[in-house]
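In what follows, a structure is listed as structure tokens, so that the remarks can point back to it.
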Amino acid sequence: METYYVRTGNEFWKRTAKFWMNIFAVNFAIGVATGIILEFQFGTNWSNYSWFVGDIFGAPLAIEGILAFFLESTFFAIMFFGWNKVSKNAHLISTWLVAIGTNLSALWILVANAWMQYPVGMQFNPDTARNEMVDFWAVALSPVATNKFIHTTTNGYVLAAVFVIGVSAWYLLKKREEEFARKSIKIAAVFGLISLIVLIWSGDGSATHVAKKQPMKLAAMEGLYKSHPGTSIIAIGILNPGKKIEDLNTNPLKFENEKPYLFHISIPQGLSLLVNRKKDTFVPGIEDILKGGYIYTDKNGNEKTAPPIEERMEKGKLAIEGLSNYRKAASAGDEEGKATAYAQLMDNFDHFGYGYIKQPTDVVPNVPLTFYAFHIMVILGGYFFLFFIITIYMEKKSLIAKHKWYMWLAIASIPLVYICSQAGWVVAEVGRQPWTIQDLLPVGAAVSGVNPGSVRTTLVMFFVLFTILLIAELGILFKVIKKGPGA
Amino acid sequence: MRTSMFKRIWLFYYEGFKGMTPLGKTLWLIIILKLFIMFFILRLFFFQPDLGRYSSDEEKSNHVIENLTQTE
């Protein structure tokens, strides 16, 4: 909108841009520095984890801190203080640089997150118990990282677009600021639709990566227990609450007899097509992964037979034993023992985290939560696609101001877009449980020996702090919106 | 020339903060309060780094290896 202002010189666009900048400032002020809490938690609650990953996380987070923070904070000041102090072009460049800086911040955080989902580019050092980065570009440009960056940032764009449309619809409903509202809707709808198309494309890429790198997550997303070649995809479904993974250990007959869904509509061969565009591909279900024996493609592109989880647990134990023996041999100055233990550790390192798993079903995430979060995300994604198309059509035909139902729909879409976004994060983070680092470190081994009472206390404090921040944010946002761009 | 540039930067921020709108002042107040709570309450009283009790990296490594190799 500011670009329009600089190109046309029309003061209307300046006023419009300033209003949305104020909304951005509120979000920025509430969100800024909240990530620091995560840093505190790493040190206190997750000391094993933060030590284990330290060298990998150090580089991306340092780049984020230095580059993006300074880029944002410098040009953020010009964006807000510089309207009458710098030239129009200098101001516009600052605004764009804030946008780029914010996206760069997201890039490095998402690179770190992607590494946890797909650890690459590192070498474990048994002397220090740390993963050391051996290939920065493998970490920064891993396919999971690039896809996650595109998917998450376009998700943010879609969220912003729906927010702008919803707020603008409120003005139309109140018969205020009609030109401002209509033009904001027009820009946001086109921007939102383009972003959503990229979002859907990257979502498709994400499913492909999950299928190859985190097959258990994909099985949980689909509530898929036993599979077959030409696997269907569930369009809509209700899981059978009677089918519980714990029963596989205690009452396998009951588990076997319970159907996975109470109701479902599926697309035949849809999941196979989604995974690698071949309709007869076998996409393993939860039980298939637990038992192993299916063919999969490994990191190096070689076809292999998947081992059962029990076998991975044994190899994991060997890896941990190798680390323990290595330490003992190092203390005793036994070079030969060190070499033998190192070989045992590295031969089994890909299974390291399985050594902490007590029973195979422990590697299954919360299926209902992952399944429903995934389907809510996909259904809402489809809804927003239609919503943007309807918005563009109605705006073009000047129909928006004549239809109250649309305005209410647009306002109601604001909470829906937040739900959609959060559902995506639930899929990504709940779906990868029990792993903090995929296959290498489960949650149980990643935590410090802090007492549960302390964790509970801090959790309550965070809940209170973030609730206060949410109330403050909503209060300020409503006030700014109520005053309007004319204020 | 150098002084002049620093002075201009200083004046830019000084005048910016001085002429801030009530919204800007409220947001800065929230940021300052938030940072105070995080660094002077949460960090000082609730989030002591678990490995902070060790002075060297070697001790920290030994502690983590001990944790990681005790699977029972």
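Computed over chain A, relative contact order equals 18 percent, with contacts defined as Cα pairs under 8 Å that lie 6+ residues apart. Toward the positive end of the charge dipole of the protein assembly as shown, about the Cα centre and with charges on Cβ (Lys, Arg +1; Asp, Glu -1), which of A:ILE414, B:ASN62, A:GLY31 goes farthest? Value: A:ILE414. Across the protein chains, with a 1.4 Å probe defining accessible surface, the residues A:LYS18, A:LYS148, A:LYS299 rank A:LYS299, A:LYS18, A:LYS148 from largest area downward.
With all protein chains kept in place, the per residue accessible area of segment A:324-433 amounts to 50 square angstrom at a probe of 1.4 angstrom. Summary of the geometry: segment A:81-122 and segment B:1-49, compared by the centres of their Cα atoms, lie 20 Å apart. Placing a label point 7 Å from the Cα of A:SER73 along the Cα-to-Cβ direction, the residues of segment A:22-54 whose backbone N falls under 11 Å from that point are A:33. In terms of accessible area, using a 1.4 Å probe and ignoring ligands and nucleic acids, A:HIS209, A:HIS91, A:HIS264 rank largest first as A:HIS264, A:HIS209, A:HIS91. Gap in Å between the Cα centre of segment A:128-160 and the Cα centre of segment A:330-398? Segment A:330-398 and segment A:128-160 have Cα centres spaced 13 Å from each other. Could you check how much of the accessible area of the protein assembly as shown is carbon and sulfur, as a whole percent, using a 1.4 Å probe? So the carbon and sulfur contribution to the accessible surface is 65 percent.
By a 1.4 Å probe calculation restricted to protein chains, A:ASP247 has an accessible surface near 20 Å², given to the nearest 10. Amide H contacts of A:PHE124: A:GLU132, each under 5 Å away and 5 or more positions distant or on a separate chain (H built 1.01 Å from N in the peptide plane; Pro and chain starts excluded). Using θ = phi - 60° in the Karplus curve 6.51 cos²θ - 1.76 cosθ + 1.60, the 3J(HN,Hα) couplings for segment A:452-459 round to x, x, 5, 5, 4, 4, 5, 5 Hz; x is entered for Gly and Pro. The residues of segment B:2-69 expose on average 70 square angstrom of accessible surface per residue, using a 1.4 Å probe on protein heavy atoms. Using only protein heavy atoms and a 1.4 Å probe, how much accessible area in total is buried between B and A, to the nearest 100 Å²? That pair hides around 3600 Å² of surface in total. Between the listed residues A:PHE69, A:PHE57, A:ALA17, the Cα displaced farthest toward the positive end of the dipole of segment A:6-102, a dipole computed from Cβ unit charges relative to the Cα centre, is found at A:ALA17.
The modelled label-to-label distance between A:ASN251 and A:VAL450, using points 7 Å beyond Cα along the C-beta direction, is 3.8 nm. Calculated over segment B:2-69, the projected area of the Cα convex hull averaged across directions stands at 9.0 nm². Distant-in-sequence amide contacts of A:ALA235, defined by a placed amide H-H separation under 5 Å and a gap of 5 or more residues or a different chain, comprise A:ILE265, A:SER266, A:ILE267.
Only one residue of A:LEU440, A:ALA138, A:PHE263 has its Cα farthest out toward the positive end of the dipole of chain A, where Lys and Arg carry +1 and Asp and Glu -1 on Cβ, and that residue is A:PHE263.
Ranking A:PHE81, A:PHE282, A:PHE263 from most to least accessible surface, computed with a 1.4 Å probe over the protein chains only, gives A:PHE263, A:PHE282, A:PHE81. The length gained on full extension between A:ASP347 and A:VAL443, counted as 0.36 nm times the residue separation minus their Cα-Cα distance, comes to 32.3 nm. Working note: 222 nm ellipticity from helices only, DSSP H runs with n ≥ 4, each -39,500 (n - 2.57), summed and divided by the residues of chain A, gives -22500 deg cm²/dmol to the nearest 500.
When each of the peptides A:316-325, A:289-298, A:459-468 is scored by how many other beta carbons lie within 10 Å of its residues on average, the order from highest to lowest is A:316-325, A:289-298, A:459-468.
Converting phi to 3J(HN,Hα) with the Karplus coefficients 6.51, -1.76 and 1.60 and the offset θ = phi - 60°, segment A:112-129 yields 4, 5, 4, 5, 5, 7, 8, x, 9, x, 9, 9, 7, 9, x, 6, 10, 6 Hz in sequence order, with x at every glycine or proline. Overall, segment A:128-273 carries a charge dipole of about 340 debye about its Cα centre when +1 sits on the Cβ of Lys and Arg and -1 on the Cβ of Asp and Glu, all other atoms neutral. Separation of segment A:225-295 and segment A:413-440, taken as the distance between their Cα centroids, equals 20 angstrom.
Taking θ as phi - 60° and the Karplus parameters 6.51, -1.76 and 1.60, the scalar couplings of segment B:30-45 work out to 4, 4, 5, 4, 4, 5, 4, 4, 5, 7, 9, 10, 4, 5, 6, 9 Hz in sequence order, x denoting glycine and proline.
Take each residue in B:7-19, count the other chain C-beta atoms within 10 Å of its C-beta, and the mean is 2. If R0 is 30 Å, the Cβ-Cβ spacing of B:TRP28 and A:PHE191 corresponds to a FRET efficiency of close to 0.50. Here the simple spin-label model places points 7 Å from the Cα toward Cβ, and for A:GLU311 and A:ASN125 these points are separated by 3.4 nm. Subtracting the Cα-Cα distance of A:HIS403 and A:LEU141 from 0.36 nm times their residue separation leaves 89.6 nm of extension gain.
Taking 20 °C and 1.002 mPa s as the conditions, I'd like the Stokes-Einstein D for chain A in µm²/s, using the Kirkwood hydrodynamic radius from alpha carbon pairs. Reported coefficient: 85 µm²/s. Remark on A:PHE282: its backbone amide H falls under 5 Å from those of A:GLY230, a criterion applied only to residues 5 or more positions apart or on other chains, H modelled at 1.01 Å from N. Compare each residue of segment A:2-41 in its chain alone against the assembly with all protein chains, and report those whose accessible area goes down by 50 Å² or more; 1.4 Å probe, heavy atoms. Residues passing the criterion (a loss of at least 50 Å², heavy atoms only) are A:ALA29, A:PHE40.
The values are calculated or read from the model by the stated rules, or taken from the named source; none is laboratory data. Small disclaimer: the values here were computed from a predicted structure and weren't measured. Here the Cβ is made from the backbone with ideal geometry for all residues, glycine too, and neighbour counts use every protein chain on show. All accessible areas refer to the heavy atoms of the entire protein, side chains included, with ligands and DNA or RNA removed. Shrake-Rupley method; radii C 1.70, N 1.55, O 1.52, S 1.80 Å.
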